[in-house]
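Remarks on the structure that follows.
Where a number appears in this text, it was derived from the coordinates with a stated rule and is not lab data. Values in this document were obtained by computation on a predicted structure and should not be read as measured data. Methodologically, a virtual Cβ is constructed for each residue, glycine included, from the backbone with ideal geometry; neighbour enumeration extends over all protein chains shown.
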Amino acid sequence: MITAAQEAVDLLIQAAGSWQFDDAFNGLRDREWMALRFLARANRFSRTPSALAQFVGTTRATASQTVKRLEDKGYLQRRNSDQDKRSVILDVTPRGEKLLLSDPITQLVHAIAALERGANNFRDSLRQILEQLDARRDRHHADVCRKCIFLSEAASSPASTRRAEYTCRFFRANVGASEIDLLCFNFERRESGTVPG
């Protein structure tokens, strides 16, 4: 007898057709779409070739080839990190952002948003599944800063007129409120799952 869990996996495999395909869609292969999508949603600390390779599940050399193709098409640009000139940061260009408006997963996003039980429940269930799989494989997945153990409220300084709202203890850097919902590959789950404070 097939269990509900087995049926759910079968359905997920079928849904994967919206983000895994053999041919190109609007000139990009599925891994290129995945890379562009990740880099558009990643925080400044995770827009690196190594984080991209880990997210896409490939080698750094293969990720570099993907980046090169996206650069050649004008969808990405690389720049040196402000903190470490040896490090490269990958930025999605306005042309890349425009292309993401025709992302092949848009229909899947709309279908999840229209779920009767709610997109939040679906998201939270998938997050629990990923965490179980990650624990078994001794690895972690990218997730939003808001739920990360390294995020803390920044201490206010009387001498400063502008203060950072949050601090990332992993990178020892200020994080603005607009950044806490971006993906980070150095994510580790906070027990309460919420922003401190």
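Laid out as a table, the results:
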item	result
Counted charge near K68, where neighbours are those whose Cβ lies closer than 11 Å (Asp, Glu -1; Lys, Arg +1)	0
Chain lengthening between R79 and T59 when straightened (0.36 nm per residue, less Cα-Cα)	5.1 nm
Length gained when the stretch I2-A177 is fully extended (0.36 nm per residue, less Cα-Cα span)	58.5 nm
Computed FRET value (nearest 0.05) for L115 with K68, which takes r as the C-beta separation and R₀ as 25 Å	0.10
Relative contact order of the chain, pairs being alpha-carbon contacts under 8 Å that are 6 or more residues apart, as %	18
In sequence order, calculated HN-Hα J values of segment 101-106 (Karplus, 6.51, -1.76, 1.60; Hz; x Gly/Pro)	5, 10, 4, x, 8, 4
Mean Cβ count within 10 Å, highest first, over the residues of peptides 86-94, 7-15	86-94, 7-15
Residue (of N121, A61, N174) at the positive-pole extreme of the chain, dipole from beta-carbon charges	N174
Label-point separation in nm, E131 to A15, each point 7 Å along Cα→Cβ	1.9
Net charge dipole size for the chain [Lys, Arg +1 and Asp, Glu -1 on Cβ; Debye, nearest 20]	800
Debye log10 I(q)/I(0) at q = 0.21 Å⁻¹ for segment 7-107, Cα point scatterers	-1.10
